[in-house]
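Novice: Before I ask anything, let me first share the structure, which is written out below as structure tokens.
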Amino acid sequence: MTANSFYHPSLFFIAAALILPFLKGESWWRWLTPIPAIAAIISVITVKSGMYGEIHYLHQTLLMGRVDTLSKVFAHVFAIQALIGIIYAFHVKEKAHHVASMLYVAGSFGCTFAGDFLTLFIFWELMAVASTFLVWLRKNPISTRAGFRYLLFHMFGGLFLLGGLLLRFNAVGDFSFAHVMQADVQLYDWLIMIGFCVNAAAIPLHAWLPDAYPEATVPGAVFMCAFTTKTAVYVLARGFAGFDILAIAGTAMAVYGVLYACIENDCRRILSYHIISQVGYMVAGIGVGTAMTVNGAVAHAYAHILYKGLLFMGAGCLLYAAGTSKLTELGGLVGRLPWVMILYMVGAVSISGMPFFNGFVSKNMTILGAVEAHRLAIGVLLEVAAVGTFLSVGIKLPYFAFFAKSENNIELKPIPINMYIAMGIAAGLCLAQGLFPNMLYHLLPNPVHFEPYTGWTLLQAFMLLSFTGLGFYILRKVIVPHAGRNFDFDVIYRLIGRAFINLVCKPIAFFDGHWTEVYRTGGMRGLMGAAAGARWFDVKGIDTVVDGSAYTVRGIGRISAKLQTGKLQDYLAWASVAALVIYAVVWWK
């Protein structure tokens, strides 16, 4: 690779997705699946900032590769997480799963490097379609329905994005994707932002996430937790940093997500709500819009992809081994799955902001940045959400999954070694970035003037975590998880759907049913009568004429045959008779 070249990571994953279906054999081809991710890592590390891959089409300039500090930091973690996810899914023998995950990652890279809205939209929709198959490939009725709801919701968001970019093109004459100033915002900018916020799972457009992610395949959920929402964070940071409404929306997400996580029973559903909460930190930081909070949002996105992937891998191991991810059915497994518990806890303390792990060095940057920007309420609410995070993910989930029962005789399926390897890589990165925060800080889009490890920040973190742990210990018998599913905004969506069926579909069905009956009683009888009349006309009219003509011709033919005796004198006699007849006719006239 030369200094001025750029091999787009999407090309590696698309090529792999196209080639995999044609490779024969049961399992050898799985050794090829890490190649696109390794190539992507090399490409992202070696590429220089610049504009690559301009395409001129229909008098428009499409830009496939806008490489700068913002796109590079997201591409950097996407490439690493793609490799971790592929290793975690290495045991999967179904090619369709690997093809779907490859196309999904390709879509995310395409959005990250897109320099115009049209290119962004194409890859945006590729992400939506490919990720849907990661839900459907679990192949049960619940995942099938969840996949359809997931796809419909993303198509809904895609329509907002498409409508916005078309209105913008009509107004300005191009598809360029640039930052929008809050004072200059137009209707089409709001539509585009709504499309982005659907993928970011902003309240109340979030219910697709806890509905679909828990129903995805075990490795599919690991991919999904990393790419869709963080790609949305990237485009919001690219286009709408400094919008006050995002600061408010992000704070609401952080608190709302953590509250629901505290009352859920399913491990992957708990983690899904925490995606909403953690993405809320990022959206809030982008909304505040200072260099420090944008850095914090980007750093937290990077850290979140690693530790959230690790948490989903841990929950996936429980689901893979025990056949369930419900806390009411787990417990007492620490002695039987010790490494799953240890590696999971690395992700749990990372997301909780424990010092010396990557969540600590990223989350505080956003919170303190909000306070320095005189957005005290936002900073306080984000700190409250951090307490709930440790309570639900750092204590409640591991306690009831691994410790709550003295023993659990549930039959466990052996966990493939590749799943442990992937978790180990993610855990190592979470710890390394916490110990050496400059590993993360030097990638950020703005200069970093922040010291994560001070006496006050360490004391504050340990006090919050300690008191949260004490509170859980006191209330551990009160906050026992309960079987069942909690209501969320998806109830409203379903009510709207049922109302549509009652107000539109049922009246149409009623009319169609009665029309069918009218047609059966009146229309069919009319048609049968018309058919009988046509048959009568055919027999009495057409057949009579045709058959009469045939009989006449046959009679003439028989007479002619009798007249042809072969005797000359007969012919002369008949000729004389004919001549006399003709003469008589002429004479008569």
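Novice: For region 169-185, state whether one or more residues are open to solvent by less than 10 Å² (accessible area, probe 1.4 Å), under 25 Å from His274 (Cβ atoms), among the hydrophobic types (A, V, I, L, M, F, W, C) and in contact with an Asp or Glu (Cβ under 9 Å, 6 or more places away or on another chain).
Specialist: Going residue by residue through region 169-185, those that are open to solvent by less than 10 Å² (accessible area, probe 1.4 Å) are 177.
From what is left, the residues that are under 25 Å from His274 (Cβ atoms) are none.
No.
Novice: Same structure again: Are any of the residues in region 435-450 in a helix (DSSP H, G or I) and open to solvent by less than 10 Å² (accessible area, probe 1.4 Å)?
Specialist: Keep residues of region 435-450 that are in a helix (DSSP H, G or I), which gives 435, 438-441.
Retained after the next criterion (residues that are open to solvent by less than 10 Å² (accessible area, probe 1.4 Å)): 440.
Yes, there is a match, as at least one residue in region 435-450 is in a helix (DSSP H, G or I) and open to solvent by less than 10 Å² (accessible area, probe 1.4 Å).
Novice: Test Pro481 against the stated conditions and say whether it is surrounded by 18 or more Cβ atoms within 10 Å (Cβ to Cβ), closer than 30 Å to Gln81 by Cα and in contact with a Ser or Thr (Cβ under 9 Å, 6 or more places away or on another chain).
Specialist: So Pro481 does not fit the description; no.
Novice: Among the residues in region 402-422, are any touching a Lys or Arg at 6+ places or on another chain (Cβ under 8 Å) and at pLDDT below 85? Reasoning before the result, please.
Specialist: At the first step, the residues of region 402-422 found to be touching a Lys or Arg at 6+ places or on another chain (Cβ under 8 Å) are 408, 412.
Filter once more, so that each one left must be at pLDDT below 85: 408.
Yes, there is a match, as at least one residue in region 402-422 is touching a Lys or Arg at 6+ places or on another chain (Cβ under 8 Å) and at pLDDT below 85.
Novice: Condition first: over 23 Å from Cys262 (Cα atoms) and either of a type in the set (A, V, I, L, M) or buried (at least 24 other Cβ atoms within 10 Å of the Cβ) (or both). Can you find one or more residues in region 388-407 that meet it?
Specialist: So far as region 388-407 goes, no, none of its residues is over 23 Å from Cys262 (Cα atoms) and either of a type in the set (A, V, I, L, M) or buried (at least 24 other Cβ atoms within 10 Å of the Cβ) (or both).
Novice: Give the residue that is surrounded by the fewest Cβ atoms within 10 Å (Cβ to Cβ), with candidates limited to residues of region 316-336 that are more than 24 Å from Ile305 (Cβ to Cβ) and aliphatic (A, V, I, L, M). Talk me through it step by step, then tell me what you get.
Specialist: Keep residues of region 316-336 that are more than 24 Å from Ile305 (Cβ to Cβ), which gives 321-324, 326-336.
Still in the list and also aliphatic (A, V, I, L, M): 321-322, 327, 330, 333-334.
Details: Ala321: 19, Ala322: 20, Leu327: 24, Leu330: 23, Leu333: 22, Val334: 17.
Looking at residues that are more than 24 Å from Ile305 (Cβ to Cβ) and aliphatic (A, V, I, L, M), I get Val334.
Novice: Right, next: May I ask you to verify whether Leu103 is in the same structural domain as Thr231 (by TED's automatic domain parsing) and more than 28 Å from Pro414 (Cα to Cα)? Step through it out loud before you land on a result.
Specialist: Working: in the same structural domain as Thr231 (by TED's automatic domain parsing): yes; more than 28 Å from Pro414 (Cα to Cα): yes.
In short, yes.
Novice: So, one more: Can you tell which of Ser10, Ser49 is open to solvent by 40 Å² or more (accessible area, probe 1.4 Å) and touching a Ser or Thr at 6+ places or on another chain (Cβ under 9 Å)?
Specialist: Working: Ser10 fails: open to solvent by 40 Å² or more (accessible area, probe 1.4 Å).
Residue meeting the stated conditions: Ser49.
Novice: Which members of region 20-46 meet the condition of being open to solvent by 80 Å² or more (accessible area, probe 1.4 Å) and more than 29 Å from Phe117 (Cα to Cα)?
Specialist: Across region 20-46, the qualifying residues are Phe22, Lys24, Glu26, Trp28, Trp31, Ile35.
Novice: Go through region 52-84 and count every residue that is closer than 23 Å to Tyr302 by Cα, open to solvent by 30 Å² or more (accessible area, probe 1.4 Å) and not in a helix (DSSP H, G or I). Before the answer, list the steps.
Specialist: Step one: list which residues in region 52-84 are closer than 23 Å to Tyr302 by Cα, which gives 64-84.
Now restrict to residues that are open to solvent by 30 Å² or more (accessible area, probe 1.4 Å): 64, 68-69, 72, 76, 80, 83.
In the following step, the residues that additionally are not in a helix (DSSP H, G or I) were identified as 64, 68.
Total satisfying the criteria: 2.
Novice: Please determine whether any residue of region 485-503 is open to solvent by 70 Å² or more (accessible area, probe 1.4 Å), touching a residue at least 40 places away in the same chain (Cβ under 8 Å) and among the β-branched types (Val, Ile, Thr).
Specialist: There is at least one residue in region 485-503 that is open to solvent by 70 Å² or more (accessible area, probe 1.4 Å), touching a residue at least 40 places away in the same chain (Cβ under 8 Å) and among the β-branched types (Val, Ile, Thr).
The values are calculated or read from the model by the stated rules, or taken from the named source; none is laboratory data. Every value quoted in this text rests on a predicted model; they were computed, and no experiment measured them. So basically every Cβ, Gly included, is an ideal-geometry build from the backbone, and we count neighbours across all protein chains shown. Calculation scope for accessible area: heavy atoms of the full protein, side chains included, ligands and nucleic acids excluded. Shrake-Rupley method; radii C 1.70, N 1.55, O 1.52, S 1.80 Å.
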